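S.K.: Would you mind keeping the following structure in view while I ask a few things?
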Amino acid sequence: MKIITLLLSIFALCPLCAQTLEEPFSGGEPFRSRIVPYHTAQAAAAGDATASTYVAKLAEWSSSEDGRVYDSSFAVPVWWLNRQVIVRVGRVSSSYEVLVGGKSIGFVGSGAVPVEFNVTKAVVEGRNTLQIRLTDTPLNSVGVTSAPFKVDTAAVEVVCQPTIRVRDIFCSTDINDAGAGVVEFGVVMKCDALNAKTSRIGYQVKDGASAVLVRGYKDITLDMRREDTLRFAARVPQEVLWSKKSPALVTVEIENVIDNRPAEYICQAIGLRAVDVQPGKLFVNHLLERLSFVDYDASKPLQEQLTEAKNGIILPVWHATDSLLTECDKAGIMVFVRAAISTNTLGDNIRIGGNPSNDPQWINSYLTINRATYFTTRHHPCVVGYILAEGTTSGTNIYDTYLMLKSLNPRQAVVYEGANGEWCSDTVPFR
């Protein structure tokens with residue numbers, strides 16, 4: 001009865017959700033894992049983004065004396081015309097604005113997660129300026145950031161993709177009675193043109209020994225800036241599945257062909273594993289895991305933080321870079337990623353409006369920050385769960401965020417250590 005009452009209170013507050021204090025993100029693309037397009041299959045397999053003709057070389061960055069304005073530039077060659085130009089900004093220690101050619105492109109209220117911007121309409125052939133302006137907003141008080149104003153300039157990228165492009169790649173794994181994997185792969189395609197476009201997607205998946213597990217192709221036609229997902233399935237042997245004892249990875253290779261010409265190649269490492277949650281338990285590939293996690297310490301090497309009693313880390317999303325998560329993938333280290341939200345930043349008053357977790361004005365920030373955390377890290381098999389906030393107070397924003405994350409992936413662990421026995425957290429003991 002208590003749960004039903006809480007759910008009814010959530011839905012009763014839904015009309016208030018539009019009255020947000022501010023939009024946490026504006027002008028950005030839908031969140032996704034890092035996608036690097038290449039001009040040849042060989043370049044994609046090599047995985048060196050600096051060698052791709054579809055990745056711009058940024059000029060040396062300069063910054064203002066107060067450290068709040070960062071400037072660089074990039075060249076748009078003639079072969080990028082009639083394609084989409086996308087700027088990807090990694091983690092920034094505050095809110096910020098992105099400008100290209102002096103034009104404002106978008107605003108990010110919480111810089112703890114990577115955000116992409118489609119800047120096609122703002123660029124010209126030849127040299128273009130790129131500027132990141134760091135700002136202060138009320139949203140900073142919700143994010144867990146203690147670093148001074150700073151932009152991770154090494155994580156800023158400019159890429160180009162065709163008008164019908166691969167927007168994301170993901171997979172879902174089940175385990176059959178024999179212990180083998182039944183995997184569904186998804187290739188999210190997006191059309192940025194005003195007229196219909198057709199693409200032929202060639203795909204193949206290889207195991208660690210480069211043996212082909214599945215290959216084929218599918219055609220897709222999208223119109224008027226539509227988006228859709230191509231799906232294909234494969235059965236894989238047990239030894240190909242990822243686990244902490246056997247951290248195997250597969251390679252997904254995509255060829256995007258438009259008008260009988262290859263328009264981009266993408267190569268991405270993915271781990272195949274099934275995560276399931278039951279009360280008090282977490283299973284990986286149907287096997288019960290005894291979890292013992294430690295809070296990540298950026299000042300120490302990863303392996304030094306793990307003893308025989310520890311098999312995973314709690315990683316704030318600020319530190320959840322692709323390079324660190326890939327290291328965890330390969331080492332078989334399980335990870336819970338924690339969103340950049342603190343429920344106690346503005347006090348622990350649990351009345352409505354008393355703190356952000358129970359203030360309807362902040363609901364959009366809670367939902368968007370957690371959505372971004374999920375979609376930018378979900379392709380890493382080491383990530384077996386999410387912590388939706390840090391703190392000890394609960395409220396309608398916590399309840400809504402838990403429901404949203406479970407709707408994205410009901411099998412993934414979603415926890416909140418400040419739940420105090422309420423239903424807004426899976427009961428997974430991980431410390």
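The values are calculated or read from the model by the stated rules, or taken from the named source; none is laboratory data. Just so you know, these numbers come straight off a predicted model, no measurement behind them. No Cβ is skipped: glycine too gets one built from the backbone with ideal geometry, and neighbour counts run over all protein chains shown.
S.K.: Return the residues of the range 61-71 that are surrounded by fewer than 20 Cβ atoms within 10 Å (Cβ to Cβ) and touching a strand residue (DSSP E or B) at 6+ places or on another chain (Cβ under 7 Å); say none if nothing qualifies. First the steps, then the outcome.
M.R.: Taking the range 61-71 first, the residues surrounded by fewer than 20 Cβ atoms within 10 Å (Cβ to Cβ) are 61-69, 71.
Passing the criteria: W61, S62, S63, R68, V69, D71.
S.K.: Same structure, new question: Looking only at residues that are of a type in the set (D, E) and either in a strand (DSSP E or B) or in the same structural domain as L325 (by TED's automatic domain parsing) (or both) in the range 258-314, which one is farthest from R34 (Cα to Cα)?
M.R.: E308
S.K.: Now for a different question. Take the range 209-233 and flag every residue that is surrounded by 13 or more Cβ atoms within 10 Å (Cβ to Cβ) and over 23 Å from R32 (Cα atoms).
M.R.: The answer is L213, V214, R215.
S.K.: Also, quick follow-up: Answer with yes or no whether D71 is part of a loop (DSSP other than H, G, I, E, B) and either outside the structural domain of I132 (by TED's automatic domain parsing) or over 20 Å from S323 (Cβ atoms) (or both).
M.R.: No, not satisfied.
S.K.: Still on this structure, I have one more. For R431, which of the numbered conditions (1) closer than 25 Å to T173 by Cα; (2) in contact with a strand residue (DSSP E or B) (Cβ under 8 Å, 6 or more places away or on another chain); (3) surrounded by fewer than 16 Cβ atoms within 10 Å (Cβ to Cβ) fails to hold?
M.R.: Among (1) closer than 25 Å to T173 by Cα; (2) in contact with a strand residue (DSSP E or B) (Cβ under 8 Å, 6 or more places away or on another chain); (3) surrounded by fewer than 16 Cβ atoms within 10 Å (Cβ to Cβ), the lone unmet condition for R431 is (1).
S.K.: Could you figure out which of (1) in contact with a helix residue (DSSP H, G or I) (Cβ under 7 Å, 6 or more places away or on another chain); (2) of a type outside the set (D, E, K, R); (3) at pLDDT below 95; (4) not in a loop (DSSP other than H, G, I, E, B) isn't true of S394?
M.R.: (4)
S.K.: Give the range 360-392 a look and list any residue that's surrounded by 23 or more Cβ atoms within 10 Å (Cβ to Cβ) and more than 30 Å from A331 (Cβ to Cβ), or say none.
M.R.: W362, I363, S365, Y366
S.K.: Consider K103 carefully, then state whether it is over 12 Å from V156 (Cβ atoms), surrounded by fewer than 17 Cβ atoms within 10 Å (Cβ to Cβ) and in contact with a helix residue (DSSP H, G or I) (Cβ under 6 Å, 6 or more places away or on another chain).
M.R.: It is true that K103 is over 12 Å from V156 (Cβ atoms), surrounded by fewer than 17 Cβ atoms within 10 Å (Cβ to Cβ) and in contact with a helix residue (DSSP H, G or I) (Cβ under 6 Å, 6 or more places away or on another chain).
S.K.: Can you confirm whether R371 is at pLDDT below 95 and among the charged types (D, E, K, R)?
M.R.: Working: at pLDDT below 95: no; among the charged types (D, E, K, R): yes.
The answer is no for R371.
S.K.: Let me ask something additional. Assuming P162 fulfils every condition listed in (1) closer than 22 Å to T53 by Cβ; (2) touching a helix residue (DSSP H, G or I) at 6+ places or on another chain (Cβ under 8 Å); (3) modelled with pLDDT of 95 or more apart from one, which condition is it?
M.R.: (2)
S.K.: Taking interchain pairs and intrachain pairs at least six residues apart, which have beta carbon atoms under 9 angstrom, with the first residue in the range 191-209 and closer than 30 Å to R235 by Cβ and the second small (G, A, S)?
M.R.: Going by the 9 Å Cβ cut-off, the qualifying pairs are S199/A263; G202/G216; Y203/G216; Q204/G216; V205/A234; D207/A248; G208/A248.
S.K.: Given the conditions (1) at pLDDT below 95; (2) under 16 Å from E29 (Cβ atoms), which single one is not true for R83?
M.R.: Of everything listed in (1) at pLDDT below 95; (2) under 16 Å from E29 (Cβ atoms), R83 misses just condition (1).
S.K.: Okay, next question. Please state which of the following conditions A209 fails to meet, knowing it meets all the rest: (1) at pLDDT below 95; (2) over 21 Å from P247 (Cα atoms); (3) small (G, A, S).
M.R.: (2)
S.K.: Right, next: Go through the range 165-180 residue by residue and tally those that are buried (at least 22 other Cβ atoms within 10 Å of the Cβ) and at pLDDT below 95.
M.R.: Count: 0.
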